Structure formats: structure tokens, C-alpha cells
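Chemist: Once you've had a glance at the structure underneath, I'll fire off some questions.
The values are calculated or read from the model by the stated rules, or taken from the named source; none is laboratory data. Here the structure is a predicted model, which is why all the values come from computation and not from measurement. Neighbour counts run over all protein chains shown; Cβ positions are idealised from the backbone, glycine included. Surface areas here come from the heavy atoms of the whole protein model, side chains and all, with no ligands, DNA or RNA. Shrake-Rupley method; radii C 1.70, N 1.55, O 1.52, S 1.80 Å.
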Amino acid sequence: MKSVAMVAAFLAAWCVTGPALAEDFAVVGARIYADPQAKALENGVVIVRDGRIAAVGSRAQVSVPQGMKTIPGAGRTLVAGFWNSHVHLMTHDLLHPDAADPAKLEGQLRDMFTRWGFTTVFDLTSSTASATTLRRMIQEGRFAGPQILTVGDPFFPKNGTPVYARPVYEAEHIAVPEIRSTPEAVARLDRQAQAGVDGVKLFTGAILGAEDVMVMPADQIRALTAAAHRHRLPVFAHPTNREGMNAAVENGVDVLAHATPIAGPWDAAQVRKLVSAHVALVPTMMLFEVYPADSTPVATVVQQVRALSEGGGEVLFGTDAGFMDVFDPSAEYRLMAQAMDWRHVLAALTTTPARRFGQSHVRGRIGRGLAADMVLLDGDPALDTAAFAKVAVTIRAGEILSSIE
Ligand SMILES: [Zn+2]
């Protein structure tokens, strides 16, 4: 009996150890930008072995082993895999992955993220249980998807569940994650950290109505950011207005999850405040275009991103896909291009999030030994920022997640 049990255990372990090792291949003939500062490498070659980048160089420097599969890159541009640092894994299926058809989950993740080049997504609110389950299923090779980082359940102020969020929690039968008391919230944060979340999301300015924003008390923000930092987790804030932004920045938050156009243009003092507190911004520019309001002009969002970028602040790319059902990021690139040059946009998509979230030693650039997370674009973003959305092939850890061929 013992040996039968051992065989069964072995088979179970074998079945869930992960995807078959991705096939080795070469991307040949593309223009390569290895990182946002790098000069273009024309007619380049990248060799991928066992999911990692084994070699990068020109065709004269790097030869493709005979018989190796090749992906043609001529006329295309190869860059590192993109990060979308503000998404939500909140469709019904993504919130209940155990009950969903894996092929359907894979299809949803492709439509929302990987077909647009996102090899890493930071989920800034779903549920701790569903997001960590989804991530485990991808790691086990049950279906293909991006690298998932998550904040799990967010922290809403007491009696401060955002007006747009309440119906979702009711429809999905999920308890509303409001703070009942500071000790209770810190205890929940500790549990979420144990469960494997990668960050913490605080609604420091929660939208309760058109003119009604609830600002989280400063002592509560301080207690939660201190707890998060004990677990080495970054803290994101949904700021909404100037009070919600300043409450976040003055009390230890690391990343603003939206620009704050309702607060008006950011002057030099506001920018200095963000930069000196080392606070990054995920502006979610197109959100303000998709949901237009006189109080939140897109031109003000552009001003804030430009001011922060020119002031030396960190901008991370993010679209709020999953809250919005617009998954094509073209509008985000068009608006970002009004605020910064294409190299800064590429940094916001790759090196800046990799550094900010502690992964620059494994991804964020095209370099020997790094994970083979790459995007092959039709066109060159140096000539036209729209090319960032013209994704031909998305590769994560040497696995082709999406291809137009
Ligand atoms: Zn969001």
C-alpha cells in the first residue's frame, strides 16, 4: 500500500510541477532596445534557452544554432516584457478561478493583458484568495498567463466602501473589506502577507458620491503602512483628491494608483513633496478620458505626469484594466506621449516597475541571464509611440503567450 501511495503522490507532484519547459528558440532580425537608455541594436538576435535569455547581440556577434526554432523579427522591434502596474482581476471567473474552465481563464487573461504585451500585472484589488489561487494555477502550468502580483483585498475606510465597488461585492458574495478598527485592519494585513500578497492597497480618498470623498485617518494610514513595510510590501493609495493624496504621501504610502486631476495642476512644491517622499505615480490617464467629467480634465492629468516626470519622479505604466473594460492601451500611450518621451514611456513599462517592485535582477531588460520576458512590436515606438500597442508576439519566461501569426 505504501508504494501505491508513494506512486500516487509522485504522480500528483509530477502533474503539478509546472508547464513543460518552454522550447528553445531565437528571435532573429529585429531592432532591439535592450533597455530604455540603450541604443538601437539593428538586425539583432536573442537566443532563448530554458525560459531565459542565453545571448543577445547583432547577427554578426550571435549565431543561431542549426535547427533551432526561429521567430522572424525583421521590420519589428523587440523590447522587454511590459508591466501593467494597475489592473483588477475581477471578472466573475477570475474571482472564482477554482470553479472556472482553465481555457476560459487563459482566454480572459490573454484578451485583457498578454495580447497587449503585459507579461507582469499588478492587481490593485481583487480578493487575496482568488488572486493567489489564480497565480498558483498559472505557476502549476494549468494554463498560461502573466506573472501576477496582487494586493489582494483592499482597505476601505470605515463606512467608506466606494460607491462603485459595493455592487460588485454584493453580486460576487464577497465580504466588503472595510476597516473596522486599526488593530483589526493590521491583523488582516498580517494575514494577507502570510497568504502571499505582494502589496497593500489603501483607499486614502474613497469616492462615496459625486462630491463626497472620505479621507482615511492619518493614524490609520501610518499604522497600516508601518505593518506593510514590516512585511517589505509596497503600499498603494487610491488618492482621489488633494487631501487623499497628501494623507497618503505624508503617512508612508509608496505609490499613488491614480493621478488627481480634481486637485488641479501640481506645482513645483507638490512635485518636490512626491519626489522627496519617493512616491511613484501610476497615472491611469485614459481612465479620465473614458469616464470624462468637468472636474477631472485629462489636460490636468497630462500636466501632473509631465511635472512629476520632469521633476525626476517615478511614473509607472497602468491602465486600470479590469475596472475598465477597455483593454486596448493605445489611448494610454497617446496621452503618455503628451507628457514624456518614448524612452520614459518604455521605462514606465519595464525598468521602473521592475526596480520599484524588487525584480530588476531578474526582469525589466533584455540581457543575458534574465527571464525571457519580451514583446515583439510591429513598428518602432521611437518613431511612433502607438507602436507600443502593436504587439505581434508576447513571450513570458520563454513561453509564447500571444502571437498574431
Ligand atoms: Zn483600479
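Chemist: What helices (runs of 4 or more DSSP H), lying completely within segment 314-405, carry at least 1 residues that are in contact (Cβ under 8 Å) with a residue 60 or more places away in the chain and among the small types (G, A, S)?
Modeler: In segment 314-405, the matching helices (runs of 4 or more DSSP H) lie at 342-349, 351-356.
Chemist: Out of the residues in segment 114-142 meeting the condition of being in contact with a helix residue (DSSP H, G or I) (Cβ under 7 Å, 6 or more places away or on another chain) and either outside the structural domain of V345 (by TED's automatic domain parsing) or under 20 Å from L316 (Cβ atoms) (or both), tell me which one is most open to solvent (accessible area, probe 1.4 Å).
Modeler: For segment 114-142, the residue satisfying everything is W116.
Chemist: Just checking, does segment 322-345 include any residue being in the same structural domain as E23 (by TED's automatic domain parsing), among the aromatic types (F, W, Y) and modelled with pLDDT of 95 or more?
Modeler: No, every residue in segment 322-345 fails to be in the same structural domain as E23 (by TED's automatic domain parsing), among the aromatic types (F, W, Y) and modelled with pLDDT of 95 or more.
Chemist: Right, another one. Checking T70 against (1) surrounded by fewer than 21 Cβ atoms within 10 Å (Cβ to Cβ); (2) in contact (Cβ under 8 Å) with a residue 60 or more places away in the chain; (3) more than 16 Å from the ligand (Cβ to nearest atom), only one condition comes out false. Which one?
Modeler: Going through (1) surrounded by fewer than 21 Cβ atoms within 10 Å (Cβ to Cβ); (2) in contact (Cβ under 8 Å) with a residue 60 or more places away in the chain; (3) more than 16 Å from the ligand (Cβ to nearest atom) one by one, T70 breaks only (2).
Chemist: Ok, one more. Of everything in segment 188-218 that's in contact with a helix residue (DSSP H, G or I) (Cβ under 9 Å, 6 or more places away or on another chain) and of a type in the set (G, A, S), which residue is nearest to T260 (Cα to Cα)?
Modeler: Selected residue: G205.
Chemist: Regarding A54, is this residue farther than 30 Å from F323 by Cβ and modelled with pLDDT under 95?
Modeler: no
Chemist: Scan P261, P283, P239, P234 and give me the residue that is open to solvent by 20 Å² or more (accessible area, probe 1.4 Å), under 16 Å from G318 (Cβ atoms) and within 16 Å of the ligand (Cβ to nearest atom).
Modeler: Answer to the selection: P234.
Chemist: Do we have any residue at all in segment 124-145 that's in a strand (DSSP E or B) and touching a residue at least 12 places away in the same chain (Cβ under 8 Å)?
Modeler: There is no residue in segment 124-145 that is in a strand (DSSP E or B) and touching a residue at least 12 places away in the same chain (Cβ under 8 Å).
Quick grid of which residues meet (1) open to solvent by less than 40 Å² (accessible area, probe 1.4 Å); (2) of a type outside the set (A, V, I, L, M, F, W, C); (3) within 17 Å of the chain's Cα centre (by Cα); (4) at pLDDT 95 or above:
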residue: A144; (1), (2), (3), (4): yes, no, yes, yes
residue: P154; (1), (2), (3), (4): yes, yes, yes, yes
residue: A165; (1), (2), (3), (4): yes, no, no, no
residue: A171; (1), (2), (3), (4): no, no, no, no
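Chemist: Of (1) buried (at least 20 other Cβ atoms within 10 Å of the Cβ); (2) under 20 Å from N159 (Cβ atoms), D212 satisfies all except one. Which?
Modeler: So the condition that D212 fails would be (1).
Chemist: Checking the condition crowded, with 17+ Cβ neighbours inside 10 Å, assigned to a loop (DSSP other than H, G, I, E, B) and within 21 Å of the chain's Cα centre (by Cα), which residue from L105, L89 passes?
Modeler: That would be L89, the only listed residue that is crowded, with 17+ Cβ neighbours inside 10 Å, assigned to a loop (DSSP other than H, G, I, E, B) and within 21 Å of the chain's Cα centre (by Cα).
Chemist: Can I ask one more? Just to be sure, is Q270 more than 16 Å from the ligand (Cβ to nearest atom), open to solvent by 20 Å² or more (accessible area, probe 1.4 Å) and on the phi < 0 side of the Ramachandran plot?
Modeler: So Q270 fails the test.
Chemist: In segment 192-209, which residues are in contact (Cβ under 8 Å) with a residue 24 or more places away in the chain, more than 16 Å from the ligand (Cβ to nearest atom) and open to solvent by 40 Å² or more (accessible area, probe 1.4 Å)?
Modeler: A195, L208
Chemist: Within segment 333-344, is even one residue among the aliphatic types (A, V, I, L, M), open to solvent by less than 40 Å² (accessible area, probe 1.4 Å) and out of contact with any Lys or Arg (no Cβ under 8 Å at 6 or more places or on another chain)?
Modeler: Within segment 333-344, one or more residues are among the aliphatic types (A, V, I, L, M), open to solvent by less than 40 Å² (accessible area, probe 1.4 Å) and out of contact with any Lys or Arg (no Cβ under 8 Å at 6 or more places or on another chain).
Chemist: Here's something else I'd like to know. What is the residue count in segment 92-102 for residues that are more than 23 Å from A397 (Cα to Cα) and open to solvent by less than 20 Å² (accessible area, probe 1.4 Å)?
Modeler: 2
Chemist: If you go through segment 299-317 one residue at a time, do you hit one that is within 16 Å of the ligand (Cβ to nearest atom), outside the structural domain of D50 (by TED's automatic domain parsing) and either surrounded by fewer than 20 Cβ atoms within 10 Å (Cβ to Cβ) or not β-branched (V, I, T) (or both)?
Modeler: Yes, some residue in segment 299-317 is within 16 Å of the ligand (Cβ to nearest atom), outside the structural domain of D50 (by TED's automatic domain parsing) and either surrounded by fewer than 20 Cβ atoms within 10 Å (Cβ to Cβ) or not β-branched (V, I, T) (or both).
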